[in-house]
1. Starting from the Cα gyration tensor of the range 166-222, take the square roots of the eigenvalues, sort them a ≥ b ≥ c, and report rounded, prolate or oblate (rounded when a/c is under 1.5, otherwise prolate if a/b is larger than b/c, else oblate).
2. Which residue fluctuates the most in the chain, going by a Gaussian network model with Cα springs under 10 Å, if the choices are Trp236, Trp110, Trp247?
3. I'd like to compare 88-99, 212-223: which one has the highest average count of other Cβ atoms within 10 Å, and what's the full order after that?
4. Just Cys65, Cys43, Cys183 to compare: in a GNM of the chain, with alpha carbon springs under 10 Å, which one fluctuates most?
5. Project the alpha carbons of the chain onto their principal axes and report the range along each, largest first, in whole Å.
6. Test of understanding: ordering Ser55, Ser254 by Cβ neighbours within 10 Å, fewest first, what list do you get?
7. For the range 179-205 and the range 132-173, compute the distance between their C-alpha centroids and round to whole Å.
8. For a paramagnetic label modelled at 7 Å from the Cα of Asp40 toward its Cβ, which residues of the range 105-126 fall within the zone defined by backbone nitrogen distances under 14 Å?
Amino acid sequence: MRRRRGVDVTVLAVVLAVVVTATGHTPPPAAAAPAGCPSDAFCDGFEDQTGPVPSGDWSVVHPNCQGTGTAEVDTTTAYAGTRSLRVDGGANYCDHVFVGTSRGVGGSTWYARFFVRHTIALPAAHVTFLAMKDTADGGKDLRMGGQNSAAQWNRESDDATLPEQSPAGVAQSVPLPVGQWTCVEFGITGSELRTWVDGTEVAGLHADTTPTPDVDGQWLRRGTWRPALTDFRLGWESYGSGGDTLWFDEVALSPARIGCT
C-alpha cells in the first residue's frame, strides 16, 4: 500500500469512485506518490507549493541576521516536474538564507538525497548550502558546503572540517558542477558519515571510527560525538566572499538510502 504524507492511496481511490458515481464526472487525479519514495520516507519535489513563498512543510529562515539573501519556489527551472527551490545567496555574512523542514529528520541512522544546481563554482572561501541543527552539539549546526573549491562538511561548534583543508585532504573531495543538476546524498549511522555525489562515494567526505590522514583525523578529535539532528535546511551561507544562485529539487529523507534514481 502506498502512502504520501500519511494519505492512504486505497482510500483515495474509493472516494474518487463515489464521486464519479454520484456526479457522473471524473475529478482531477490526486497527486501520485513520488517515484521510488518508501512509505517511511519524506519526499518532496515542491510540486504542491502554490506560490513563491515556501509553505507547508517548509519555511524560510535567516540565521543570525538578515541581509539580501532570498529564497523562493521557482517555476522556471526544475530537475523534475515544474517547481524547485531557488536560493539567491549573497556574498556577505548577513546574507544567510535557508528553507528548512523538520519532516523526516531524526534517529541514529538516516539518509538524505537532494539535487542541486549551482550557478558558480564552489569558491575558495568557506560557504554552506546545507545546515542541520545538532542537539548533541549544543544546538550548533552540522554543515555541508565548500572550501578551497571542493565540497566539505563543517562542524559549527569547533570549525572542524571533513576533509581536512590540507592539499592532500582537499584532493580527496570533489568540486560540484556548474549549470547542471547534481545528485548529493549522505548517510549517518551513529558516528559514521558517508557522502555520495552522482552515486559515487567521495572518500574525503567519509568519517568513521578510524582516523584517516588528511580526511577525518580532525573530525574525530571530538571522540564519541554522535549527531542528533532536528532539522534540514537548504540555502546559502558565505563567511567572507562568494555569492551563488542555486536551485534544489527532489528532496528525500529516509531511514535507508534511496539513491539518485
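1. Working: a/c = 3.05, a/b = 1.48, b/c = 2.06.
Oblate, since a/c reaches 1.5 and b/c is not below a/b.
2. Judging by the Gaussian network model, the answer is Trp110.
3. Working: 88-99: 20.3, 212-223: 17.4.
Taking the mean over residues of other Cβ atoms within 10 Å, the ranking is 88-99, 212-223.
4. Highest fluctuation of the listed residues: Cys65.
5. 69, 38, 32
6. Details: Ser55 13, Ser254 18.
Going from sparsest to densest Cβ surroundings: Ser55, Ser254.
7. Spelled out, the Cα-based centre of one part sits 13 Å from the other.
8. Under cut-off, by backbone N: 105-111.
Throughout, read-outs are computed from the coordinates displayed, never taken from laboratory work. Note that this is a predicted model, so its numbers are computed, not measured. Glycine also receives a Cβ, built like all others from the backbone with ideal geometry; neighbour counts cover every protein chain displayed.
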